Amino acid sequence: MKSYIIPEFLVERDDHHCIRCEVCVRQCAFDVHRYDEEEDEVFAHEDKCVGCLRCVTLCPTNALVVRDNPTRVPANANWTREVLHNIYKQAETGGVLLTGMGCDKEYRNYWDRITLDASQVTNPSIDPLREPMELRTYLGSKPDAVEIGGGRGRHELETRLAPQLRLETPIMFSALSYGAISYNTCECLARAAAEVGTCYNTGEGGLHRDLYRYGGHTICQVASGRFGVHADYLEAAAALEIKIGQGAKPGIGGHLPGEKVSEEISRTRMIPKGTDALSPAPHHDIYSIEDLAQLIYALKEATGWQKPVSVKIAAVHNSAAIASGMVRAGADIIALDGIRGGTGAAPTMIRDNVGIPIELALAAVDARLREEGIRNRASVVVAGGIRSSADVVKAVALGADAVYIGTAALVALGCHVCQKCYTGKCNWGIATQDPYLTKRLNPEVGTRRLVNLLTAWSHEIMEILGGMGINAIESLRGNRLRLRGVGLTREELDMLGIKHAGA
Ligand code: SF4
Ligand code: SF4
């Protein structure tokens with residue numbers, strides 16, 4: 001069948017600069033480039049290009065340019081180029097449209113409509129180069145009050161605290177499962193988390209035995225498919241996370257195609273090699289808050305009440321009420337994943353149309369838990385579109401204890417957000433199990449890049465806090481008075497619980 005799809009990208013090669021080294025030919029798993037010996041020329045199949053920019057980045061002579069195809073299709077505001085493209089594709093395949101990474105629709109990004117305060121004259125700012133700044137964060141349930149005993153100048157905490165997850169910076173790596181990402185990517189995340197003093201998250205892919213040594217920095221997920229969940233796995237973790245939903249695909253399960261289930265993945269996930277790993281949409285033992293309470297209790301019992309248990313949900317319309325139930329069910333950490341949260345594979349229509357922005361969900365959840373007087377009983381971690389240190393600071397001021405970053409971490413490793421993770425052909429060696437491609441991500445280099453990213457963001461957070469006259473991230477948590485909205489409606493401001501700039 002002749003395809004009616006117009007190539008998304010144009011691949012332009014400067015023939016004077018091209019030295020016919022064939023780097024682009026070897027680097028592209030989508031077979032875009034082809035060297036013709038007879039003509040001594042390199043050609044491009046533009047219809048295959050996904051825009052991952054691996055070839056452009058590695059071309060030794062900068063001879064390549066990949067750009068959006070400007071060809072005008074007779075589209076209008078309703079029948080956009082993307083809508084036409086999707087319909088042509090479905091007319092050719094008869095299948096559900098798949099995609100990777102997070103929603104790319106232009107829903108309002110509230111982080112970009114919120115500004116931060118700074119100290120002037122009174123409450124002077126603090127210079128983070130000269131004064132100590134505290135980013136250390138403890139995640140877990142806090143008591144309503146603490147009792148201090150001791151006497152005669154000795155102060156001892158008499159209240160028994162629930163287990164806490166200690167982070168040196170309020171940034172963790174999101175759930176990224178082995179299977180969706182390569183082993184080398186998992187290793188980079190684990191090593192970087194250990195080096196920085198934070199945590200990464202296994203997602204629903206289990207934990208490879210070689211990574212058990214980073215257990216103190218690992219959040220082990222228990223998802224509906226229960227892949228790789230066993231006593232050693234739970235025991236290895238610093239914290240456990242029950243995954244109910246994720247922002248990129250609220251309400252549906254996951255699917256790792258059999259061709260990605262290699263020997264190692266089959267061993268880690270405890271499923272036969274080459275079989276599809278299907279995780280059901282719901283946990284089949286959770287149909288109520290009481291059921292959730294039972295699973296939280298079971299996980300705490302199984303690990304001797306030594307580890308905090310997180311419950312992760314996708315941000316949806318009634319997240320606040322759900323979060324209240326989760327806290328009352330015994331969750332120590334509430335993880336909220338917004339509509340811009342990434343994934344290895346999701347139906348495009350679900351990714352782009354289901355769920356709500358994390359900023360609104362966070363504001364609603366924090367407010368509800370405060371109203372009910374149970375905010376201290378659980379920490380709140382947010383994910384789904386955190387792109388910079390400024391986003392982290394705004395999230396904390398809006399009520400988060402810490403954030404998860406997924407896409408930003410992968411970008412640090414080379415990802416160019418081409419959204420083709422579901423093909424398994426990631427040219428950057430990230431979202432792939434192809435041994436030829438996975439080698440492209442060197443764990444040493446990847447770890448360094450992630451450590452650099454977290455170090456840089458942490459420094460920036462300290463600078464922003466210093467400018468606000470705050471010396472501990474804890475003091476900013478939930479302090480919405482230090483936020484102002486720009487160009488937002490009254491309703492949006494009320495929802496976010498902030499004033500408009502100028503007020
Ligand atoms: S990588 Fe650059 S120089 Fe090498 S063949 Fe491709 S376009 Fe030419
Ligand atoms: S991980 Fe790889 S395939 Fe996925 S968006 Fe990034 S570059 Fe593309």
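The values are calculated or read from the model by the stated rules, or taken from the named source; none is laboratory data. Since this is a predicted model, take the numbers as computed values, not measurements. Please note: Cβ atoms are built from the backbone with ideal geometry, for glycine as well, and neighbour counts cover all protein chains shown.
Select from segment 22-32 the residues that are within 16 Å of ligand 2 (Cβ to nearest atom) and either without any contact (Cβ under 8 Å) to a residue 12 or more places away in the chain or out of contact with any His (no Cβ under 9 Å at 6 or more places or on another chain) (or both) and list them in ascending order.
Cys28, Ala29, listed by residue number.
Within segment 310-346, count every residue that is more than 16 Å from ligand 2 (Cβ to nearest atom) and either over 19 Å from Glu371 (Cβ atoms) or not small (Gly, Ala, Ser) (or both).
21
What single numbered condition from (1) small (Gly, Ala, Ser); (2) in a helix (DSSP H, G or I); (3) on the phi > 0 side of the Ramachandran plot fails to hold for Gly51?
(2)
Looking at (1) under 26 Å from Ala236 (Cβ atoms); (2) among the aliphatic types (A, V, I, L, M); (3) buried (at least 19 other Cβ atoms within 10 Å of the Cβ), which is the one condition that is false for Ala314?
(1)
Can you report the number of residues in segment 242-272 which are among the hydrophobic types (A, V, I, L, M, F, W, C) and either in a helix (DSSP H, G or I) or not assigned by TED's automatic domain parsing to the domain that holds Gly355 (or both)?
Going through segment 242-272 one residue at a time, the tally reaches 1.
Give me the pairs, please: first residue somewhere in segment 310-331 and under 15 Å from Ala364 (Cα atoms), second residue anywhere and in a helix (DSSP H, G or I) and of a type in the set (S, T, N, Q), beta-carbon distance under 8 Å, and either six or more positions apart or on two chains.
As it stands, the answer is Ile313/Ser319, since those pairs meet every condition given.
Within segment 445-471, restricting attention to residues that are small (Gly, Ala, Ser) and touching a helix residue (DSSP H, G or I) at 6+ places or on another chain (Cβ under 8 Å), which residue is farthest from Leu362 (Cα to Cα)?
Gly446
Could we say that Thr275 is part of a loop (DSSP other than H, G, I, E, B) and among the polar types (S, T, N, Q) here?
yes
Kindly indicate the residue of segment 169-197 that is surrounded by fewer than 24 Cβ atoms within 10 Å (Cβ to Cβ) and touching a Ser or Thr at 6+ places or on another chain (Cβ under 6 Å) and also farthest from Asp332 (Cα to Cα) among those meeting that condition.
Asn184
Quick one: would you say Tyr214 is buried (at least 21 other Cβ atoms within 10 Å of the Cβ) and either outside the structural domain of Ala323 (by TED's automatic domain parsing) or more than 20 Å from the chain's Cα centre (by Cα) (or both)?
No: the conditions fail for Tyr214.
What are the pairs with Cβ atoms under 6 angstrom where one residue, in segment 368-394, is charged (D, E, K, R) and the other, located anywhere, is not in a helix (DSSP H, G or I)? Sequence gap at least six, or different chains.
Pairs that qualify, where the first residue is charged (D, E, K, R) and the partner is not in a helix (DSSP H, G or I), are Arg377/Ser141; Lys394/Ile114.
Restricting attention to segment 410-422, report how many residues are more than 6 Å from ligand 2 (Cβ to nearest atom), at pLDDT 95 or above and not in a loop (DSSP other than H, G, I, E, B).
2
Could you please find all residues in segment 129-173 being more than 26 Å from the chain's Cα centre (by Cα) and among the hydroxyl-bearing types (Ser, Thr, Tyr)?
Thr159
Quick one: which residue in Glu491, Glu474 is surrounded by fewer than 18 Cβ atoms within 10 Å (Cβ to Cβ), in contact with a strand residue (DSSP E or B) (Cβ under 8 Å, 6 or more places away or on another chain), more than 16 Å from Leu189 (Cα to Cα) and in the same structural domain as Glu263 (by TED's automatic domain parsing)?
Glu474
What pairs come out if I take residues in segment 33-44 that are more than 18 Å from Val66 (Cα to Cα) and pair them with residues that are near ligand 1 (Cβ under 10 Å from one of its atoms) whose C-beta lies under 9 Å away, six or more apart or interchain?
Filtered contacts from segment 33-44: Asp36/Val42; Asp40/Arg20.
Is it fair to say Tyr404 is at negative phi and buried (at least 17 other Cβ atoms within 10 Å of the Cβ)?
So Tyr404 fits the description; yes.
Just one of the numbered conditions (1) in a loop (DSSP other than H, G, I, E, B); (2) over 22 Å from Glu460 (Cβ atoms); (3) within 20 Å of the chain's Cα centre (by Cα) is not true of Thr185; which one?
Result: Thr185 passes all but (1).
Would you please list the contacts, defined by Cβ atoms under 8 Å and residues six or more apart or on different chains, that run from a residue in segment 133-154 that is at pLDDT below 95 to a residue that is of a type in the set (D, E, K, R) and in a loop (DSSP other than H, G, I, E, B)?
Pairs found: Val146/Glu158; Glu147/Glu158; Ile148/Glu158; Gly149/Glu158.
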